[in-house]
Amino acid sequence: MDLGEGLRKAMAKLTGATIIDAKTIREFTKELQKALISSDVELNLVFSFTKGIEDIVLKEKIPQGVSPRDYITNIVYEELVKLMGESYEPEIRPRRILMAGIYGSGKTTSTVKLAKFYQDRGLSVGVICCDVTRPAAYEQLETLAKQANVSFFGIKGEKDVRKIVKEGLSKLKDRKVVICDSSGRNALDAELVTEIKEINRALNPEEKLLVISADVGQVAGRQATEFHNAIGITGVIGTRLDGSGKGGGALSAVSAAQTRIAFIGTGEKLSSLELYDSKKFVGRLLGIPDLESLLTTVQEAIKEANIKPEEMAAEELNFDTFYTQLKAMSKMGPMKNVLGMMGLSDVPKEAMETSEAKLKKYGNIIGSMTKEERQNEKLIREPGRITRIAKGSGMTERDVRELISDFNKMKKFANMFKNNRDFRKQLSKFMPGV
């Protein structure tokens, strides 16, 4: 069970209580403690966090007109935001950045994700490979840089990191942002400290970012402290937050170590890097919809899928436009993250996996249809067409009929939406132009 699931279960028990008194509050904070401890949050942080909530709830008077449950929920939200640290807002201007981290943290991938982040905001970017110890590190960074369409520099086989940095800065002098990927180790040993200090002196970076995998839990705090003592890190990138139950422990430990969290990785795609916003992060933990992030994700997915806005807003829903929408959805990252932005974090895992599998399956089926069939779904009813489409897509006839059923449901919803002015008016508050 991850931290968000544990917190939501504790909040649900509070919501279901008939009377909220001192006993109920203490039972509630015990549930919070279980959730935090199971997510590997450090014990002293857990007890100070829950004691702070008890002190506020039991000593302060609930404001008039506010229900006890809403009041307590808001306190938990605000205290969690404090526990998880401040939000981060980088300056979008020319800079040099040094990336650090131990083996397995996702440092090289994060280097290119960060490069894409700045490139998407209008700055030219180049990356330098100074990982001179890990086999295939040069090839991995070069390949990922090509995928992100950012400049790459490295000297294959060279062990002198100062030489690589010096030549890299010369070759990439026209790039506004230069990001240097450094070597990792199983731990921060003397050899790594010496090497990363040499890179730091040669690069003279404005930002020094430490990449930490969320699955290390509270050990993240120690890593942050050790690297900070070595080179003075300015921020942390937390990776694998989408699949680790220890993410809360990692982020709270980094915050407790007096280090700010700069970015969080939310998936494998190069676009799966978010600015850290503690309010949004805690909101998702508690199941609060994050419509702003959802809309940003949708817009980026449409752009990545090379879909024109008018295609997404087509008046007539047919298999062509349905396929277009499926392509956009497939670019939005893990279904778990998308549902979390919608405040639907507790959808069963099996259902999420089924949804992701359906996207791929339906794409294959629609791709096997003729142009006429995609534009006129009534043609599918003619004898032999379902059999032909199933064979062409490598799916079963049952799969094709399932797609038709889901398409009909979507079309029915689209027609209801089109005719419901009140609903469209409400939605337009969040999505202008609908």
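Details
- Only one of the numbered conditions (1) modelled with pLDDT of 90 or more; (2) in contact with a helix residue (DSSP H, G or I) (Cβ under 6 Å, 6 or more places away or on another chain); (3) outside the structural domain of G265 (by TED's automatic domain parsing) is violated by E79, and that is (1).
- Among all residues of the range 207-223, there is none that is over 28 Å from the mean Cα position of the chain (by Cα) and at pLDDT 90 or above.
- Which listed residue, of K208, K159, is in contact (Cβ under 8 Å) with a residue 12 or more places away in the chain, closer than 22 Å to A115 by Cβ and either in contact with a helix residue (DSSP H, G or I) (Cβ under 9 Å, 6 or more places away or on another chain) or not in a strand (DSSP E or B) (or both): K208
- Considering the range 75-92, and only residues there that are in contact (Cβ under 8 Å) with a residue 12 or more places away in the chain and part of a loop (DSSP other than H, G, I, E, B), the residue that is surrounded by the most Cβ atoms within 10 Å (Cβ to Cβ) turns out to be G85.
- Among helices (runs of 4 or more DSSP H) entirely within the range 378-434, having at least 3 residues that are surrounded by 12 or more Cβ atoms within 10 Å (Cβ to Cβ) and at pLDDT below 60 singles out 421-427.
- Residues in the range 225-239 that are assigned to a helix (DSSP H, G or I) and of a type outside the set (A, V, I, L, M): T225, E226, F227, H228, N229.
- Listed by first and then second residue, the pairs with beta-carbon distance under 8 Å, at least 6 apart or on different chains, first residue in the range 355-381 and within 12 Å of F322 (Cα to Cα), second part of a loop (DSSP other than H, G, I, E, B) and acidic (D, E), form an empty list.
- When residues of the range 358-377 are limited to those that are small (G, A, S) and surrounded by 16 or more Cβ atoms within 10 Å (Cβ to Cβ), the one modelled with the highest pLDDT: S368
- Within the range 201-227, the only residue that satisfies the criterion of being farther than 21 Å from T108 by Cβ and among the hydroxyl-bearing types (S, T, Y) is T225.
- Only one of the numbered conditions (1) within 21 Å of V236 (Cα to Cα); (2) without any contact (Cβ under 8 Å) to a residue 12 or more places away in the chain; (3) of a type in the set (S, T, N, Q) is violated by T24, and that is (1).
- Only one of the numbered conditions (1) buried (at least 16 other Cβ atoms within 10 Å of the Cβ); (2) assigned by TED's automatic domain parsing to the domain that holds L188; (3) closer than 24 Å to L172 by Cα; (4) not polar (S, T, N, Q) is not met by D120, and that is (1).
- In the range 255-282, the residues that are within 18 Å of P90 (Cα to Cα) and in a helix (DSSP H, G or I): S255, S278, K279, K280, F281
- Residues in the range 146-153 include at least one that is part of a helix (DSSP H, G or I) and small (G, A, S).
- Candidate set from the range 109-124 (those that are assigned to a helix (DSSP H, G or I) and farther than 15 Å from K146 by Cβ); member that is farthest from the chain's Cα centre (by Cα): Y118
- Meets criteria (among the aromatic types (F, W, Y), farther than 16 Å from L209 by Cα and either surrounded by fewer than 24 Cβ atoms within 10 Å (Cβ to Cβ) or assigned by TED's automatic domain parsing to the domain that holds N229 (or both)) for Y138: yes
- Single condition G85 does not satisfy, out of (1) within 21 Å of N204 (Cα to Cα); (2) in contact with a helix residue (DSSP H, G or I) (Cβ under 8 Å, 6 or more places away or on another chain): (1)
- Condition broken by I53, with the remaining ones in (1) surrounded by 15 or more Cβ atoms within 10 Å (Cβ to Cβ); (2) outside any helix (DSSP H, G or I) satisfied: (2)
- Selection from the range 134-180 of residues that are hydrophobic (A, V, I, L, M, F, W, C) and touching a strand residue (DSSP E or B) at 6+ places or on another chain (Cβ under 6 Å): L141, A145, V150, F152, F153, V161, I164, L172, V177, V178, I179, C180
- Total residues in the range 110-143 satisfying the condition of being hydroxyl-bearing (S, T, Y) and free of Cβ contacts under 8 Å to residues at least 40 places away in the same chain: the figure is 2.
The values are calculated or read from the model by the stated rules, or taken from the named source; none is laboratory data. Remember, it's a predicted structure, so these values are computed and weren't measured experimentally. Cβ sites come from the backbone with ideal geometry, for glycine too, and all protein chains shown count toward neighbours.
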